[in-house]
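Here's the structure we're looking at; comments come further down.
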Amino acid sequence: MKWHVLRPLWVAIGIVGSILIARVFLVPDDFGIHGRNFTYGFHRLSNIQEWKDFQVKYQGREYCVECHDEKVQMLNQSPHEPVECENCHGPAVNHPDEIEMLPIDRTREHCLRCHAQLNYPHSARDQAPGINNRMHSRRRDCVECHVPHDPREYKE
Amino acid sequence: MTCSRRDFLKEAVGGTLVSSLPLSAFVFLTTEEAEAAIAEAKVRWAFLVDTTTCTGCGLCVKACKTENEIPYEAPVTRTWVERYVVTKDGQTHIDSPLGGRDGFIDDKIRDEEIDPDNIDKAFFVPKLCNQCDNPACVQVCPVGATYQTHDGVVLIDREWCIGCGYCIMACPYGVRFFHPTAKVADKCNFCYHRISKGMQPACVECCSFGARRLANLEDPDDPVTKIIRTERVAVLKDEYGTKPHVFYIGLDEAVR
């Protein structure tokens with residue numbers, strides 16, 4: 001082959017070769033087809049473990065009962081039994097080790113999530129006891145009178 | 001060196017056989033590895049939403065955003081709750097302010113007052129990723145950053161995602177969004193970090209009305225799987241052929 005043809009050919013081979021070499025270093029070892037086929041399973045395998053290691057924040061009632069047995073018992077015997085502790089108290093994360101006090105949501109708006117009457121016939125919202133937000137103790141927080149751990153009781 | 005015809009044929013056949021054996025045939029699994037592989041194959045996560053018991057409190061949305069570190073004030077969310085109000089004139093009023101994060105405490109819909117006597121029916125529909133069997137979002141990813149795991153959940157590799165947004169356009173359910181701080185595509189993964197530890201997803205845990213439940217379709221004794229198999233359930237946008245795995249009880253034709 002003539003010299004003027006060979007020169008650009010070497011350049012092209014050099015570029016392709018350097019890309020292939022760079023690829024060996026840049027693409028992780030565990031990148032490949034791991035799922036059922038190329039279309040749905042072409043990925044980095046270690047990413048599954050990375051997602052599994054994501055931090056858990058909501059710990060659940062079983063975690064709260066370890067220390068706050070009394071409050072959980074009170075809640076369990078009240079109509080608010082289905083409401084999770086962390087819905088109002090915020091996620092426990094690693095309480096009490098790092099987060100000493102949980103931020104409690106005592107606002108009127110928080111109670112209204114379930115207890116604002118919307119007049120929706122045949123909807124589940126109609127079955128929860130509801131108030132007319134514009135009429136009922138307009139500017140006060142619900143917890144000033146009602147006991148959230150047992151809504152059948154009232155504060156003095 | 002001499003070589004008879006018989007020897008040549010013997011060696012040729014033997015050599016062909018050896019070279020046709022793939023290297024993977026020599027990988028031996030330990031007992032634990034084999035057991036783990038079998039156990040992993042026996043999981044297919046699915047979800048059951050009961051629209052008849054959802055009250056639209058939005059605590060699932062709040063829990064999801066906190067659990068999965070989605071910026072709380074940003075108008076993006078992995079799960080959301082839609083309100084449908086069908087009036088007597090045949091109109092359907094739909095809204096989902098901030099994805100229903102703060103619940104539905106006002107009867108106004110998009111600043112429109114609706115006369116309660118004029119309402120035929122009203123209900124709430126929670127939505128989340130359908131973890132499809134044929135996920136369109138995975139097919140379009142140009143870099144292999146999103147994929148389906150062996151238990152059916154579609155995950156996104158945050159290190160590998162280039163943020164091109166093809167998957168956000170491809171999802172027929174509008175589940176994917178661009179994460180404002182991680183700068184990658186994001187979506188619900190059934191709280192993969194929780195379900196792989198035997199916990200419930202955050203939205204399921206925080207639902208006071210049993211409207212959201214997780215199922216393992218490969219386990220016939222799973223109570224939620226029994227409901228999906230024996231009761232009348234529907235999926236969203238079946239016509240797209242994506243084979244969604246979030247099943248709905250009491251799905252109305254007004255839901256889209």
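Read the figures in this text as sums done on the coordinates, not as results from a lab. What you are looking at is a predicted structure, and each value in this text was computed from that prediction instead of being measured. Don't worry about glycine lacking a Cβ; one is built from the backbone with ideal geometry, like all the others, and counts go over all protein chains shown.
Kindly establish whether B:Lys127 is within 12 Å of chain A (Cβ to nearest Cβ), basic (Lys, Arg) and closer than 21 Å to B:Val235 by Cα. So B:Lys127 does not fit the description; no. Residues that are touching a helix residue (DSSP H, G or I) at 6+ places or on another chain (Cβ under 6 Å) and of a type outside the set (Gly, Ala, Ser) were ranked within segment B:87-109; the one that is nearest to the other protein chains (Cβ to nearest Cβ) is B:Ile105. Among (1) without any contact (Cβ under 8 Å) to a residue 24 or more places away in the chain; (2) surrounded by 14 or more Cβ atoms within 10 Å (Cβ to Cβ), which single condition is B:Asp252 missing? Among (1) without any contact (Cβ under 8 Å) to a residue 24 or more places away in the chain; (2) surrounded by 14 or more Cβ atoms within 10 Å (Cβ to Cβ), the lone unmet condition for B:Asp252 is (1). Could you look through segment A:110-124, keep only residues that are facing chain B (nearest Cβ under 8 Å) and over 14 Å from B:Ile119 (Cα atoms), and pick out the one that is surrounded by the most Cβ atoms within 10 Å (Cβ to Cβ)? Of everything passing the filter in segment A:110-124, A:Ala116 is surrounded by the most Cβ atoms within 10 Å (Cβ to Cβ).
With respect to being within 26 Å of A:Gly35 (Cα to Cα), more than 8 Å from chain A (Cβ to nearest Cβ) and crowded, with 19+ Cβ neighbours inside 10 Å, B:Gln148 falls outside the description.
The residues on offer are B:Thr66, B:Thr55, B:Thr51, and the sole one that is in contact (Cβ under 8 Å) with a residue 60 or more places away in the chain, surrounded by fewer than 24 Cβ atoms within 10 Å (Cβ to Cβ), within 10 Å of chain A (Cβ to nearest Cβ) and farther than 22 Å from B:Glu239 by Cα is B:Thr66.
For segment B:156-210, filtered to residues that are of a type in the set (A, V, I, L, M) and facing another protein chain (nearest Cβ under 8 Å), the residue that is nearest to the chain's Cα centre (by Cα) is B:Ala202.
Screening B:Glu112 against (1) of a type outside the set (S, T, N, Q); (2) closer than 21 Å to B:Leu59 by Cα; (3) away from chain A (no Cβ under 11 Å); (4) without any contact (Cβ under 8 Å) to a residue 24 or more places away in the chain leaves a single unmet condition, (2).
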